[in-house]
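Worksheet for the structure shown next.
The values are calculated or read from the model by the stated rules, or taken from the named source; none is laboratory data. Please read all numbers here as calculations on a predicted model, not as lab measurements. SASA here: full protein model, heavy atoms, side chains in, ligands and nucleic acids out. Shrake-Rupley method; radii C 1.70, N 1.55, O 1.52, S 1.80 Å.
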Amino acid sequence: MSFAEKFLTVHPPIELGGRYVKRYHVTADPAGIAPAVEKAAYAVLPDLLPESDGTPPATFVIVHESSDGSAYLNTYSWVWDNVLHFGGAAAGQPVLGCPDRDATHFVKLNSPWIGCVWELAPLGHERAAWIRHMLVPEHPEDRDLGAYLADSLTTPTTSGTS
């Protein structure tokens, strides 16, 4: 099997579990994530979010529906002002402890893995956006969470380039 980039789509941020959540979807299918997989992923999402620590409550997630029928949910939440807290879940992947091949049956992961090559594309962008909108302003009142939430990687594939 040779490597091929996957489709990357961005969906509007949502508010969930007391956090603002930026949403990326990754799939080999140009039609996008199956609605049942998306619904199941967002149902487990609150269980993966950290408690508030005073950092602006921002998270970005990657929902990845794999061509082998499995699905993944990676959550990256900003904590301690400039640190990412990771939480992950998988569905339909027995290698990761999933009890069945059902891509809507997500289970929380205990693995230290933070994402595969396709899921990592938004990380560099999100780092730069957090710095630009939340860390560069000298005064806390000049930080712009709304601008951060509006600033997403909008490339059509996981290559990170147009």
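For region 45-132, the fraction of alpha-carbon pairs lying more than 14 Å apart is 64 percent, rounded to a whole number. By a 1.4 Å probe calculation restricted to protein chains, SER152 has an accessible surface near 20 Å², given to the nearest 10. To test your reading of the geometry: what angle, between 0 and 90 degrees and rounded to tens, separates the Cα axis of helix 121-130 from the longest principal axis of the chain? The angle comes out near 10 degrees. For region 101-162, place one equal point scatterer on every Cα, skip the solvent, and apply the Debye formula. What is log10 of I(q)/I(0) at q = 0.16, 0.27, 0.28 Å⁻¹? Scattering profile of region 101-162, log10 relative to I(0): -0.73, -1.06, -1.09.
Helix 35-44 and the longest principal axis of the Cα set of the chain meet at an angle near 60°. Could you check which residue among VAL79, VAL26, VAL117 shows the biggest mean-square fluctuation in a GNM of the chain with a 10 Å Cα cutoff? Maximum fluctuation in the GNM of the chain, among the listed residues, is at VAL117.
Hey, can you find the accessible area per residue of region 99-162 for me, probe 1.4 Å, expressed in square angstrom?
Working: 3840 Å² over 64 residues.
About 60 Å² of surface per residue is accessible.
Counting 0.36 nm for each residue step from LYS108 to ALA147 and taking away their Cα separation leaves a gain of 11.0 nm.
If you take the Cα atoms of the chain, find Rg, then find the Kirkwood Rh from the mean of 1/r over all pairs, what is Rg/Rh? Intermediate values should be presented prior to the final figure.
Values: Rg = 15.6 Å, Rh = 16.1 Å.
Ratio of gyration radius to Kirkwood radius for the chain: 0.97.
Only protein atoms count toward the accessible area here, which uses a 1.4 Å probe; on region 21-162, the carbon and sulfur part of that area reaches 56 percent.
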